[in-house]
Amino acid sequence: MADHGQCPKCRGQMKAGFLLDKAHYDIVRPTEWLEGKPERSFWSGLKTKGRARFPVRTDRCSSCGYLESYANAG
């Protein structure tokens, strides 16, 4: 995995990764960030249509375990 600078807490090495999201039937996928407040939906749990979505990259410090997340378009 690629290095992503120094940890802001202990100055250890940050490594790129992602948080795993288990969906219905144990389908796995990376976590996403959606704009706005969560709104309940009877059929799908939460309303997501028409909202901006970005994949979340989460870096982890190899020394202290600190996590830092980023939601970027690319």
Which distance in nm do the two modelled labels at residue 15 and residue 72 give, with both placed 7 Å along the Cα-to-Cβ direction? 2.0
Using 0.36 nm times the number of residues separating residue 23 and residue 62, minus their current alpha carbon distance, what extension gain do you get? 11.3 nm
Straight-distance crosslink candidates among lysines, where the alpha carbon sits under 16 Å from residue 49 and sequence neighbours closer than 8 are dropped: 37
Enumerate the calculated ³J(HN,Hα) couplings along segment 19-25 in order (Karplus 6.51 cos²θ - 1.76 cosθ + 1.60, θ = phi - 60°), each rounded to whole Hz, writing x wherever the residue is Gly or Pro. 8, 8, 10, 8, 9, 3, 6
Using each residue's phi in segment 56-62, evaluate 6.51 cos²θ - 1.76 cosθ + 1.60 at θ = phi - 60° and report the 3J(HN,Hα) Karplus result to the nearest Hz, with x for Gly and Pro. 9, 9, 10, 8, 10, 6, 6
Sparse-neighbour loop sites [chymotrypsin sites (Phe, Trp or Tyr not before Pro); the chain; at most 11 other C-beta within 10 Å; DSSP]: 42, 43
Viscosity 0.890 mPa s, temperature 25 °C: what is the translational diffusion coefficient of the chain from Stokes-Einstein with a Kirkwood Rh over Cα pairs, rounded to a whole number of µm²/s? 173
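All of the numbers you see were taken from the coordinates with simple rules; none came from a lab. Everything numeric in this text was worked out from a predicted model, so none of it was measured. We place every Cβ from the backbone using ideal geometry, glycine too, and count neighbours over all the protein chains shown.
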